[in-house]
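J.: One structure coming up, written as structure tokens, with questions to follow.
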Amino acid sequence: MALEQHTNIPLRYWQQVENSRKYVLPFIEKAFPVKPGMKVMEIGCAEGGVLVPFIERGCYVLGVDLIEERINTATEYNKEAVDKGLADFRAKNVYDEDFVEEFTSAFDLILLKDAIEHIPQQEKFIPHLKKLLKPHGQVYFGFPPWYMPHGGHQQICENKFLSMLPYFHLLPAALYKGVLKSFGEDKGIIKELLDIKSTGISIERFEKIAADTGFEITNKQHYLINPIYEYKFKLKPRKQTSVISAIPYVRDFLTTCVYYMIRQKSV
């Protein structure tokens, strides 16, 4: 049972905007004050709603996504900022040589909101961000830990029972695929869910990659109830308890969302 925002693009855009205003930007500012003139990039920007509060703060923003249709929508929805030269949106791969050349050490802040869990080879990707950051810059990550009840994004299933079934994305891949097929899920949805299964990231693995690649955590927040659920399910966001948040591996199964800020370690 796909949620309304999966097909209602204007609704999805305004959910991005409101979630960013109310939760993402305030979290970032606890570690990194956002000031006019800063350069901010979002990777996996979709319709660009997350960037709106940063435009409102007087930042220059660049939204990047691999899907050209989403970039076209982002450009349309943020036309005023684009026309004023405050925003740009590009269908681009951040690994591309010409992109790296243009934006080497360019950004004060890089955002990945619900994106890192879709990106393969995170051990390669996260250190690549250093090339695009200014020396003092920081990176924001917001993502659902893989082992949480719906960490496989199974809410996109057309079958209502499967869309609500927790933890079954943790089945072995062959069995997982078989269950999806037996419930009549579309081939495209099955492929998307299997892709996410191959790239999903846990709290432990994220923190290890950050540490191993020369980053340090400047702020983090774990949520029992994801702030975006306020818009999707009318649920009040709730922070994870400090006790659960401190228990490795256990916290992955009980935490629906995490926010992190990281920066390069001082030499």
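Throughout, read-outs are computed from the coordinates displayed, never taken from laboratory work. All of these numbers come straight from a predicted model, not from anything done at the bench. Cβ atoms come from the backbone with ideal geometry, glycine included; neighbour counts cover every protein chain shown.
J.: Counting only residues that are without any contact (Cβ under 8 Å) to a residue 40 or more places away in the chain and small (Gly, Ala, Ser), how many does region 193-229 have?
T.: The number of residues fulfilling the criteria is 1.
J.: Quick one: is residue 181 without any contact (Cβ under 8 Å) to a residue 60 or more places away in the chain, surrounded by 18 or more Cβ atoms within 10 Å (Cβ to Cβ) and part of a helix (DSSP H, G or I)? First the steps, then the outcome.
T.: Working: without any contact (Cβ under 8 Å) to a residue 60 or more places away in the chain: yes; surrounded by 18 or more Cβ atoms within 10 Å (Cβ to Cβ): no; part of a helix (DSSP H, G or I): yes.
It is false that residue 181 is without any contact (Cβ under 8 Å) to a residue 60 or more places away in the chain, surrounded by 18 or more Cβ atoms within 10 Å (Cβ to Cβ) and part of a helix (DSSP H, G or I).
J.: Continuing with this model, one more query. For region 61-89, how many residues meet the condition of being assigned to a strand (DSSP E or B) and over 11 Å from residue 49 (Cα atoms)?
T.: Within region 61-89, the first condition is being assigned to a strand (DSSP E or B), and the residues that meet it are 61-65, 87-89.
From what's left, over 11 Å from residue 49 (Cα atoms): 61-62, 64-65, 87-89.
Number satisfying all stated conditions: 7.
J.: Using beta carbons and a limit of 8 Å, which pairs, at least six apart or on different chains, have the first residue in region 62-79 and touching a residue at least 40 places away in the same chain (Cβ under 8 Å) and surrounded by 13 or more Cβ atoms within 10 Å (Cβ to Cβ) and the second one hydroxyl-bearing (Ser, Thr, Tyr) and in a helix (DSSP H, G or I)?
T.: 73/13; 77/13
J.: What number goes with the only condition from (1) part of a helix (DSSP H, G or I); (2) closer than 20 Å to residue 257 by Cβ that residue 46 does not pass?
T.: The number of the failed condition is (1).
J.: Right, here's the next one. Looking at region 95-110, can you tell me whether even one residue there is in a strand (DSSP E or B) and over 21 Å from residue 33 (Cα atoms)? Write out each step before concluding.
T.: So in region 95-110, the residues in a strand (DSSP E or B) come out as 107-110.
This time we only want the ones that are over 21 Å from residue 33 (Cα atoms), so: none.
Checked region 95-110: no residue is in a strand (DSSP E or B) and over 21 Å from residue 33 (Cα atoms).
J.: Taking only region 214-244 into account, find how many residues are touching a Leu at 6+ places or on another chain (Cβ under 9 Å), over 28 Å from residue 108 (Cβ atoms) and part of a helix (DSSP H, G or I).
T.: 3
J.: A further question on this structure: Out of the residues in region 138-175 meeting the condition of being surrounded by fewer than 22 Cβ atoms within 10 Å (Cβ to Cβ) and small (Gly, Ala, Ser), tell me which one is farthest from residue 38 (Cα to Cα).
T.: 174
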